[in-house]
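The numbers here are math on the coordinates, done by the rules we state, and not lab data. Fair warning: this is a prediction, and the values are worked out from it, not measured in the lab. Here the Cβ positions follow ideal geometry from the backbone for every residue, glycine too, while neighbour counts run over all protein chains shown.
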Amino acid sequence: MRYLLTLSISIIALSAYAQKWQPGHFTDVKGIVETGLIRAYPGGSGPIKNEGFIEYKENEKANPIKLSTSDLQSFVAGKDSFVVAHAPGNETWAKKDFDFVRVVVDEPLKIYATRGAGSGGGSGIHVSPGVGLSTGGGYGTSYGGGVGISFGGGGGSKSSKMSYYYGSSTANMQHLTNENFIDIMSEVMGDEPDIVLRIRSNDFRLNNIEKLVEYFNKTKAANKQP
């Protein structure tokens, strides 16, 4: 009973978080940047069938508008950056060919993330026990309680996992896998030799990549300090 109560409270908190308006900006297809408030995971139907979308308003009192992936190049909501991408090859993202992917690591060789890879359906928020929500380079603050949350990037079924990709741009994304993880992440984070050593020592793997990204960002920031 206590577990069910905790889970219910966590679901409510996570749902509120997912629906939250966050300060940010977007860049439209013409390269024009608009600043305001963005709701990255609004739920419901978007302007164009089978495309991802966000909601935007200029300020708290303004009426929100829906912007499809066809309208945008990229957007930033809170601490997270997203770019528009086509699903690579013959792949689909929760029945979407055109959606937003989160920029996990923004280096010459980039890491991207999305949920709903494959042909699974569904959208919105899905909560599953026993999976932690990472901090830093991820989807914001951890709520703990052993509850994981699926956000955007194509939604996906309740059992869908986060899929990670690497590439110099979204045009040449390829899957990041357990088999290529060490080589790819060593190249991505090659400017931090101590981190590369830990990657090659198997301290980090695909299942805890968000912790690696958090560690990388903190190390990089610390090394930049005078």
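Tabulated results
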{"read-out": "Residue order, fewest to most beta carbons within 10 Å, for I48, I209, I182, I38", "value": "I48, I182, I209, I38"}
{"read-out": "Phi to ³J(HN,Hα) by Karplus 6.51 cos²θ - 1.76 cosθ + 1.60 over segment 170-177, Hz, x for Gly, Pro", "value": "5, 5, 10, 5, 9, 5, 8, 10"}
{"read-out": "Sorted by Cβ neighbour density within 10 Å, fewest at the top, the residues S186, S168, S163", "value": "S168, S186, S163"}
{"read-out": "Set of aspartates and glutamates with alpha-carbon distance to K96 below 16 Å, sequence-local pairs under 8 removed", "value": "E51, D71"}
{"read-out": "Subset of K30/K61; K20/K220; K20/K79; K161/K211; K110/K218 violating a 20 Å alpha-carbon distance limit", "value": "K30/K61; K20/K220"}
{"read-out": "Within-14-Å neighbourhood charge of Y112 [Cβ basis; K, R +1; D, E -1]", "value": "-3"}
{"read-out": "Gained length - R198 relative to E91, 0.36 nm times residue gap less alpha-carbon distance", "value": "35.3 nm"}
{"read-out": "In nm, spacing of pseudo-spin labels at S186 and K218 (7 Å Cα→C-beta vector)", "value": "2.5"}
{"read-out": "Amide H partners (placed H, <5 Å) of A87, local residues excluded", "value": "F98, D99"}
{"read-out": "A62-N50 pseudo-label distance in nm [points 7 Å out on the Cα-to-Cβ vector]", "value": "3.2"}
{"read-out": "Residue order, fewest to most surrounding Cβ atoms within 10 angstrom, among W93, W21", "value": "W21, W93"}
